[in-house]
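Visitor: If you scroll down you'll find the structure; I have some questions about it.
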Amino acid sequence: MCGIAALQLRNPSLHPRMGSLLSSMLCQIVDRGPDSAGLAVYNTPGLVSPGTSTLSLLGKDQGITTADITSGVAALLPADAAAAVRVVGDTTLVSAAVGTDLLAKAVTETVPGATIIGRGEHVAVMKSVGHPMEIAAEHGLEAMAGSQGLSHTRMATESAVTAGGSHPFSVADDLCLVHNGSFSNHATVRRELKREGVVFDSENDTEVGARYVASRLKQGDTLEEALVNLGKVLDGFYTLVVTTADSMAVVRDPIACKPAIIAETDDYVAMASEYRALAALPGIDNARIFEPEPGKVYTWSL
């Protein structure tokens, strides 16, 4: 059992409240996954900036100082790339005015043991082991602004309790996926993706789903098409939420084994594993509230 809370803010006037709203939602799903937690926030000032790529690295201790990371990365990039490193809670953020592939190459050469858990121009990903609200507080979630937020509380079943096994999984630019449930044939799909050259960072079945979606998007699928195709390939019981720089999608397995509830207003779209996580949102009394239908992909764009 895991918990999901996701929020897309259509009304820019709510952007300054993104962190506080998502934090209030996260608080209500802690008991669904007390082992570890993860967050993805979009367009959050101070964490990401337009025209700049940001990599989120797992852990605040990378084995060398932030100054050494900065100088090492800068030496491998163009002079005007303006490389910068910032530690936020248990996450290290590395930014520069270059593409993510070039930045990732510089980071892995500078910090060979680094695990990249997020990448893109718009998203910062943070995850750790421990009580979800303590993780949120350590990273300063409540004070964050942004256009979208995604959170997950994990109760580990098919793999160990590790920060790397926490969700979200972000395996392509600005793409994040969280998952409540399990994929029964993830090992088979993992082998197929590996044969196509896909590299994995963990043994988590959710990463297989994220890598599959990224692969389909790279082949030209829309987000909706990618998730429809996922339902044809991956077996299991699941609720998935996928976010990109400007969109959010929700899908449940064909028999809707795992819970999900959605609230939609002119100002926002919110999804959670339980209604109580939505109850304190502004305007909830007038929201359209519904359970996603089995196997149907729902998408929203900013």
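Visitor: What are the residues in region 252-302 that are under 23 Å from VAL213 (Cα atoms) and among the hydroxyl-bearing types (Ser, Thr, Tyr), if any?
Guide: Those that are under 23 Å from VAL213 (Cα atoms) and among the hydroxyl-bearing types (Ser, Thr, Tyr): SER273, TYR298, THR299, SER301.
Visitor: Within region 226-269, how many residues are in a loop (DSSP other than H, G, I, E, B) and either open to solvent by less than 30 Å² (accessible area, probe 1.4 Å) or within 16 Å of TRP300 (Cβ to Cβ) (or both)?
Guide: 10
Visitor: Just checking, does region 87-95 include any residue being touching a residue at least 60 places away in the same chain (Cβ under 8 Å), charged (D, E, K, R) and in contact with a strand residue (DSSP E or B) (Cβ under 7 Å, 6 or more places away or on another chain)?
Guide: yes
Visitor: For ALA114, all conditions in the list (1) farther than 30 Å from VAL30 by Cα; (2) aliphatic (A, V, I, L, M); (3) surrounded by fewer than 24 Cβ atoms within 10 Å (Cβ to Cβ) hold save one; what is the number of the exception?
Guide: If we test ALA114 against (1) farther than 30 Å from VAL30 by Cα; (2) aliphatic (A, V, I, L, M); (3) surrounded by fewer than 24 Cβ atoms within 10 Å (Cβ to Cβ), just (1) comes out false.
Visitor: Count, please, the residues in region 126-136 that happen to be at pLDDT 95 or above and surrounded by fewer than 24 Cβ atoms within 10 Å (Cβ to Cβ).
Guide: Residues flagged as at pLDDT 95 or above and surrounded by fewer than 24 Cβ atoms within 10 Å (Cβ to Cβ) within region 126-136 amount to 0.
Visitor: Another one. With the requirement that a residue be assigned to a helix (DSSP H, G or I) and either loosely packed, with under 12 Cβ neighbours inside 10 Å or hydroxyl-bearing (Ser, Thr, Tyr) (or both), what does region 272-290 give you?
Guide: TYR275, ASP285, ASN286
Visitor: Can you pull out the residues in region 169-214 that are of a type in the set (Asp, Glu) and open to solvent by 40 Å² or more (accessible area, probe 1.4 Å)?
Guide: Selection gives ASP173, GLU192, GLU196, ASP201, GLU203.
Visitor: Can you report the number of residues in region 179-206 which are free of Cβ contacts under 8 Å to residues at least 24 places away in the same chain and either assigned to a loop (DSSP other than H, G, I, E, B) or hydrophobic (A, V, I, L, M, F, W, C) (or both)?
Guide: Adding up the residues that qualify gives 7.
Visitor: Kindly check whether there is at least one residue in region 243-250 that is more than 21 Å from the chain's Cα centre (by Cα) and at pLDDT 95 or above.
Guide: No, the conditions are met nowhere in region 243-250.
Visitor: In region 1-68, which strands (runs of 3 or more DSSP E) lie fully inside it and hold 1 or more residues that are farther than 23 Å from SER247 by Cβ?
Guide: Of the strands (runs of 3 or more DSSP E) lying wholly inside region 1-68, those with at least 1 residues that are farther than 23 Å from SER247 by Cβ span 36-42, 53-58.
Conditions tested, residue by residue: (1) of a type outside the set (A, V, I, L, M, F, W, C); (2) touching a Gly at 6+ places or on another chain (Cβ under 7 Å).
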{"position": "ILE4", "(1), (2)": "no, no"}
{"position": "ASP35", "(1), (2)": "yes, no"}
{"position": "PRO45", "(1), (2)": "yes, no"}
{"position": "SER56", "(1), (2)": "yes, yes"}
{"position": "ALA75", "(1), (2)": "no, no"}
{"position": "ALA84", "(1), (2)": "no, no"}
{"position": "VAL87", "(1), (2)": "no, no"}
{"position": "THR92", "(1), (2)": "yes, yes"}
{"position": "VAL98", "(1), (2)": "no, no"}
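The values are calculated or read from the model by the stated rules, or taken from the named source; none is laboratory data. Just so it is clear, the structure is predicted and the values come from calculations on it, not from any experiment. Glycine also receives a Cβ, built like all others from the backbone with ideal geometry; neighbour counts cover every protein chain displayed. Side chains are part of the model used for accessible areas, which takes the heavy atoms of the whole protein and leaves out ligands, DNA and RNA. Shrake-Rupley method; radii C 1.70, N 1.55, O 1.52, S 1.80 Å.
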